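The structure appears below as C-alpha cells.
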C-alpha cells in the first residue's frame with residue numbers, strides 16, 4: 001500500500017518533466033511575439049510623433065518621410081519578433 005503514492009508521485013514527476021519543455025517553448029514563443037508587436041507599435045508611434053512635429057513646423061514632405069520611416073522600423077521590429085518566436089518554438 002505504501003508503494004502506491006510513491007508510484008503516483010513518480011508518474012506525475014515523469015509527466016511534468018516530459019511536458020514542461022514543450023510548454024516552456026510555447027510560453028517563450030508567445031512572449032517573443034508580444035515583444036515584437038510591442039516594439040513595432042512603439043516604433044510606429046515614434047514615427048507618428050516625429051511626423052506631427054514636422055507638420056507643426058510646416059514640413060509636410062518631411063512629415064511623410066518620418067511616417068514612412070516609422071512604419072518601416074515597425075515592420076522590421078515585427079519581423080524580428082517573428083524570428084525570435086520561431087527560434088523559441090524550435091527550442
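The values are calculated or read from the model by the stated rules, or taken from the named source; none is laboratory data. Just so it is clear, the model here is predicted, and its values are computed rather than measured.
State whether one or more residues within segment 39-52 are more than 17 Å from the chain's Cα centre (by Cα), at pLDDT below 75 and part of a helix (DSSP H, G or I).
no
Taking residue 27 as meeting all but one of (1) on the phi > 0 side of the Ramachandran plot; (2) modelled with pLDDT under 90, write down the number of the exception.
In the conditions (1) on the phi > 0 side of the Ramachandran plot; (2) modelled with pLDDT under 90, residue 27 misses (1) alone.
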